[in-house]
Amino acid sequence: MNLRSLRYFLKVAEYGSITRAALALHITQPSLTQHLRHLEEHFGLALLMRHGRGVMLTEAGKALRLKAEILIDDIDGLQSELESAQSRPRGTLSIGMPISWSELVTYPVIERFRREYPNVHIKLAVNASEVLAEAMNANELQLAVLVETDEQDNFWSHPLVEDELFLLGPPGSSLGQLGSITLRDVASYPMILPLNLTMVMRRIDRTLATTGGTLNTVLETPSTNILPLVARGLGYTILSACALPPPGGDTAFEAIPVTDASMTWSIATPKNRPKTAAVITYESFLKEQVLESVSSGLWRTAKMKKQQRKAEVSTEAEAVAKLRL
């Protein structure tokens, strides 16, 4: 028996099919079948039962799956544990950041981290919060910035900063004359929304539903298409302040704050993996950059989630300084 065979067995258990598991693993079906046969010979028990649509686990197979998942998780976490024992950031750092944070936060933090720790290999995912949350649940990320949501089973979520939401319209839409708008009044505007509703949009929809309202969605499209369609006058959309197009761009969008709605960004880390020195350092740099952006007025619509956040940053900065010694 070896770890590869156990991983292959878990993939078959997940798919309920040797054929589909082989495709997912990028190996041949005969090779996968041989690994499964070796496992059954090792334990002297049948682990799988074949049927017309694939395979199902025997009682022995169910027991092995439970133990194997725990074992594989422990093995996968071993690298992180070994790295966390080091006093200086090293190894690989896998992080996920929101698209809208790129210029204001992500790029400056990455630049600083690379300058101070050039030997750390960084894997940076920049995507929607929902995609990053899935990656976090799949143990593909060591840290991610997500829209605050209910506590997940697989990761801790710590609120960091709260940001305003804006209704964005095309040039000449006269939104500026209103100054601001309530969520209830937003429901009267034709909306262009992401093809797969984001956490924020789902929360807005639920809030409106409690008052008998709903968003007037006229068009759904991938996020990258929304601004060009708004610019053509085909509808309106809702964005966080940090996601608004910069002033003085090619298109002069009009935007006004939604007075009774906001979003909170949180730092998420896995529950089953200890923080490495690289993660601790990156998280400290991240908090410092957010605090600097808010306090300097660059991110004027945002506010730190807690008053003691500045003290927390200072404390963690001291801890990181010790790591560098």
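Below are the figures for this structure:
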read-out	value
Estimated FRET transfer efficiency (THR28, ASN272; beta-carbon r; R0 30 Å; 0.05)	0.40
Charge dipole (the chain, unit charges on Cβ, about Cα centre) - positive-most of ILE70, SER266, LEU227	ILE70
Residue of GLN142, GLN29, GLN289 that the Gaussian network model of the chain assigns the largest fluctuation, springs spanning Cα pairs under 10 Å	GLN29
Mean Cα-pair separation over length for the stretch 3-76, i.e. relative contact order, pairs under 8 Å, 6 or more apart, %	32 percent
Nitroxide proxy distance, nm - points 7 Å out along Cα→Cβ at THR224 and ILE99	0.8 nm
Relative contact order of the chain, pairs being alpha-carbon contacts under 8 Å that are 6 or more residues apart, as %	22 percent
Exceeding the 28 Å Cα-Cα cut-off - candidates LYS62/LYS275; LYS67/LYS275; LYS11/LYS287; LYS271/LYS305	LYS62/LYS275; LYS11/LYS287
Label zone at ALA125 (point 7 Å along Cα-to-Cβ), backbone N below 12 Å, the stretch 250-278	270
Summed residue charge, Cβ within 12 Å of LEU48's Cβ, Lys/Arg positive, Asp/Glu negative	+2
Cα-derived Rg over Rh, computed across the stretch 176-300 with Rh taken as Kirkwood radius	1.03
GNM result for the chain, Cα springs below 10 Å: residue of GLU162, GLU140, GLU59 fluctuating most strongly	GLU59
Most mobile of VAL55, VAL145, VAL279 in a GNM of the chain (Cα contacts under 10 Å)	VAL55
Antiparallel %, DSSP beta bridges [both residues in the chain], to 5	65 percent
Overall Cα dimensions of the stretch 1-142 - principal axes, largest extent first, Å	55, 32, 25
Taking all pairs of distinct alpha-carbon atoms in the stretch 86-325, Kirkwood radius in angstrom	19.1 Å
Inter-probe distance in nm under a simple model that places probes 7 Å from Cα toward Cβ, at ILE70 and SER180	5.4 nm
Peptide ranges 172-184, 290-302 listed from the most packed, as the mean C-beta count within 10 angstrom indicates	290-302, 172-184
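Each reported figure results from applying straightforward, stated rules to the coordinates on display, with no laboratory input. All values reported here derive from a predicted model rather than from experimental measurement. Using ideal geometry, Cβ is built from the backbone for each residue, glycine included, and neighbour counts are taken over all protein chains shown.
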